[in-house]
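Asks: So that we are looking at the same thing, I have put the structure below in structure tokens.
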Amino acid sequence: MAPRPRLARAPVVFDAEAWAEDLQPASGREVAVDSRARLEREGQPVSELRACDAEGRDGTRLAGCLKVYLPPPAGPWGFVFLLGRSTDGGPARLEFLAFGLRHPPEGTRRPSVYAIAHRRLHGRVPRPPAS
Amino acid sequence: MVSEHAIARVRLGHDDAEREYVVMSEEPDGTLVLRPDTAAEAIRRRLGSAPATVEEFEAEYGRVLPPDGEG
């Protein structure tokens, strides 16, 4: 039997609580809302997905997560996704974990999208490695 | 300076209306400030999701781009 053809786009699901929390800052809202609408309508192109770093330079640990930059291909914002599938079965899917700036301006207390994702995964803010 | 700290969680409500919250702060009079729990485990529970691996994902959709050292 021939192998099943791979799909070019992956389904994405969003959690209302995490979504609402990440859209509280006014900036980036339009990018986030437009991107979510596109992903829910068309799915996420797999060619734009990138694996997160297992151990980031900023102390974040996001092994097993994928990310996409917004607007694609290299915008200043990002989504970080968990990977999962419905407990009823079905195909693997992307599950929204965090939205935010990739590189918040220095001097602000705003966390990066990676720091938000790390906190949600590990229950703690990331601890940057000692320099 | 941001310090590393544990996050306390509580559940309120009953039956299908139960929701999970994170304790943000405790006031001097004992009042707790709560916000909805957005931990990955809570997200998965609400979505009815079981974890999948990158390898499983790539078997269904093809290879993703490698990490770029940013996060």
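Listed here are the residues, each with its yes/no results for (1) under 19 Å from A:ARG9 (Cβ atoms); (2) touching a helix residue (DSSP H, G or I) at 6+ places or on another chain (Cβ under 8 Å); (3) facing chain B (nearest Cβ under 8 Å).
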{"position": "A:VAL46", "(1), (2), (3)": "yes, yes, yes"}
{"position": "A:GLY56", "(1), (2), (3)": "no, yes, yes"}
{"position": "A:ALA74", "(1), (2), (3)": "no, no, no"}
{"position": "A:PRO91", "(1), (2), (3)": "yes, yes, yes"}
{"position": "A:PRO104", "(1), (2), (3)": "no, no, no"}
{"position": "A:ARG120", "(1), (2), (3)": "no, yes, yes"}
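Asks: Does A:ARG61 satisfy the criteria of being more than 8 Å from chain B (Cβ to nearest Cβ), buried (at least 17 other Cβ atoms within 10 Å of the Cβ) and within 21 Å of B:SER49 (Cβ to Cβ)? Spell out how you get there, then give the answer.
Replies: Working: more than 8 Å from chain B (Cβ to nearest Cβ): yes; buried (at least 17 other Cβ atoms within 10 Å of the Cβ): yes; within 21 Å of B:SER49 (Cβ to Cβ): yes.
So A:ARG61 fits the description; yes.
Asks: Still on this structure, I have one more. State whether one or more residues within region A:72-79 are buried (at least 16 other Cβ atoms within 10 Å of the Cβ), of a type in the set (A, V, I, L, M, F, W, C) and over 14 Å from the mean Cα position of the chain (by Cα).
Replies: So far as region A:72-79 goes, no, none of its residues is buried (at least 16 other Cβ atoms within 10 Å of the Cβ), of a type in the set (A, V, I, L, M, F, W, C) and over 14 Å from the mean Cα position of the chain (by Cα).
Asks: From the list B:ALA40, B:ALA8, which one is at pLDDT 85 or above and not charged (D, E, K, R)?
Replies: Exactly one of B:ALA40, B:ALA8 is at pLDDT 85 or above and not charged (D, E, K, R), namely B:ALA40.
Asks: Among the candidates A:GLY123, A:GLY84, which residue alone is small (Gly, Ala, Ser) and closer than 23 Å to A:ALA32 by Cβ?
Replies: Working: A:GLY123 fails: closer than 23 Å to A:ALA32 by Cβ.
Being small (Gly, Ala, Ser) and closer than 23 Å to A:ALA32 by Cβ holds for just one of A:GLY123, A:GLY84, which is A:GLY84.
Asks: Also, I was wondering about something else. Does region A:76-83 include one or more residues that are modelled with pLDDT of 95 or more and more than 22 Å from A:GLU17 (Cα to Cα)?
Replies: Checked against the condition, which is being modelled with pLDDT of 95 or more and more than 22 Å from A:GLU17 (Cα to Cα), region A:76-83 yields at least one hit.
Asks: Taking B:VAL33, is it more than 10 Å from chain A (Cβ to nearest Cβ), in contact with a Ser or Thr (Cβ under 6 Å, 6 or more places away or on another chain), without any contact (Cβ under 8 Å) to a residue 60 or more places away in the chain and closer than 30 Å to A:PRO104 by Cα?
Replies: Working: more than 10 Å from chain A (Cβ to nearest Cβ): yes; in contact with a Ser or Thr (Cβ under 6 Å, 6 or more places away or on another chain): yes; without any contact (Cβ under 8 Å) to a residue 60 or more places away in the chain: yes; closer than 30 Å to A:PRO104 by Cα: yes.
Spelling it out, B:VAL33 is indeed more than 10 Å from chain A (Cβ to nearest Cβ), in contact with a Ser or Thr (Cβ under 6 Å, 6 or more places away or on another chain), without any contact (Cβ under 8 Å) to a residue 60 or more places away in the chain and closer than 30 Å to A:PRO104 by Cα.
Asks: Mind listing whichever residues of region B:36-71 are more than 7 Å from every other protein chain (Cβ to nearest Cβ) and surrounded by fewer than 19 Cβ atoms within 10 Å (Cβ to Cβ)?
Replies: Within region B:36-71, B:GLU41, B:ARG45, B:GLU55, B:GLU58, B:ALA59, B:ARG63 qualify.
Asks: Would you point out the residue of region A:37-53, among those that are of a type in the set (Lys, Arg) and over 14 Å from B:PHE57 (Cα atoms), that is surrounded by the most Cβ atoms within 10 Å (Cβ to Cβ)?
Replies: Within region A:37-53, the match that is surrounded by the most Cβ atoms within 10 Å (Cβ to Cβ) is A:ARG38.
Asks: Looking at A:PRO91, A:PRO71 in this structure, which one is out of contact with any Gly (no Cβ under 7 Å at 6 or more places or on another chain) and farther than 22 Å from B:PRO51 by Cβ?
Replies: Answer to the check: A:PRO71.
Asks: Out of A:THR108, A:THR87, report the one residue that is among the polar types (S, T, N, Q) and within 9 Å of chain B (Cβ to nearest Cβ).
Replies: A:THR87
The values are calculated or read from the model by the stated rules, or taken from the named source; none is laboratory data. This one's a predicted model, so the numbers in the text were calculated from it and none came from an experiment. Note that each Cβ is placed from the backbone with ideal geometry, even for glycine, and that neighbours are counted across all protein chains shown.
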